[in-house]
1. Can you give the convex hull volume of the alpha carbon atoms of the range 113-170 per residue, in Å³?
2. Could you work out the helix-only [θ] at 222 nm for the chain, with each DSSP H run of four or more residues adding -39,500 (n - 2.57) and the total divided by the number of residues, to the nearest 500 deg cm²/dmol?
3. For the range 222-266, what does the equivalent ellipsoid look like in terms of its semi-axes, each the square root of 5 times an eigenvalue of the Cα gyration tensor, given largest first in whole Å?
4. What is the calculated FRET efficiency for E172 to R146, with r their C-beta to C-beta distance and R₀ = 25 Å, to the nearest 0.05?
5. Can you compute the FRET efficiency between K244 and N47 using 1/(1 + (r/R0)^6), with r the Cβ-Cβ distance and R0 = 41 Å? Round to the nearest 0.05.
6. Multiply the residue gap between A112 and L83 by 0.36 nm, knock off their C-alpha separation, and tell me the result in nm, one decimal place.
7. Along Cα→Cβ, 7 Å out, is where each label goes; now give me the distance between the ones at H225 and A273 in nm to one decimal.
8. Enter the Cα centre distance for the pair the range 186-236 and the range 114-157, rounded to the nearest angstrom.
Amino acid sequence: MTRPGDQISGFGLGLRPQHFSDVLAAPPPAGGGDGAGVDWFEVISENFMAVGGRPMANLMAVRERYPMAMHGVSLSIGGPDPLDRDYLLSLKDLADRIEPAVISDHLCWTGAHGINLHDLLPLPLTEETLDHVAARVREVQDVLGRRIALENASTYVTFTADSLTEWDFLTELTRRADCDLLLDVNNIYVSAFNHGFDAEAYLAGVPAERVKQVHLAGHENNGDHIVDTHNAPVADAVWELYRKAVRHLGPVPTMIERDADIPPFAELVDELAMARRLAAEATGGAAA
Ligand SMILES: [Fe+2]
């Protein structure tokens, strides 16, 4: 079998270890994003950095059949510590092996003084932060030899120092650092609800040509705030926002993330069909 190329199109899923055997037993993707199953997978980079053995063998077996994206959670692009060179080299090593279409991480910080808090923490949206993050994105891209995509994380607090909207911050970041974006439509919905901003203004404010991938996920609505739990199907209101996102962005590779209460593989494939259907309606049938 010829290994698929290094581009993603259509509709994907986050690859979770409990689904390896289902993925390898599924029919191969039709290609071009017009199939009915899964067109590509995204892997959590840290799960496969500096590992070998069966996990890597499984990963490579999936890669022989599907294009992939790599998604990280530990880059700490806004953090105060210098970027971790060993981490970056390990990330590059994995990228060299699986040749992903997109390498992404989050607009956040994850710790300080060498301590990883394993959480995606919010940044003050200021000119100073923009300078700091843009310089670090350029440094990461120099090591990797390619652009990265930064994802909007869901947030639960804002800073009195904020002087930019998140969408203006991300837009300016793409200009200063020449980077791409991964737009998480659920995270836009969650943050808009929590902070009272207009989710549609966010969508209209980001440069469509920089958005290389879209995430969808489930959340938990606690009445006065929403938590980005990734433990449930995509909410109806997020599907509605996704429809609007596709109208603004055009066809864009889209995937569903599920990280807790992970259902059988077939359920996620069924849920993904909803994204395929809504995107086709929103774009008049153009391939993602
Ligand atoms: Fe996400």
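A short reminder: the numbers here are calculations on the coordinates, not readings from a lab. What you are looking at is a predicted structure, and each value in this text was computed from that prediction instead of being measured. Quick reminder, even Gly has a Cβ in these numbers, built from the backbone with ideal geometry, and neighbours come from all protein chains shown.
1. On the way: hull volume 6.8 nm³, N = 58.
With only Cα atoms used, the range 113-170 gives 117 Å³ per residue.
2. On the way: 9 runs with 112 residues, N = 288.
One gets -12000 deg cm²/dmol as the mean residue ellipticity at 222 nm.
3. Values: eigenvalues 93, 57, 13 Å².
Each semi-axis is the square root of five times an eigenvalue, giving 22, 17, 8 Å.
4. Working: r = 21 Å, r/R0 = 0.84.
FRET efficiency, E172 to R146: 0.75.
5. Working: r = 32 Å, r/R0 = 0.79.
Once the sixth-power term is evaluated, E becomes 0.80.
6. Working: separation 29, 0.36 × 29 = 10.44 nm, distance 1.10 nm.
Length difference between fully extended and current span is 9.3 nm.
7. Calculated label separation equals 3.8 nm.
8. About 19 Å separates the Cα centre of the range 186-236 from the one of the range 114-157.
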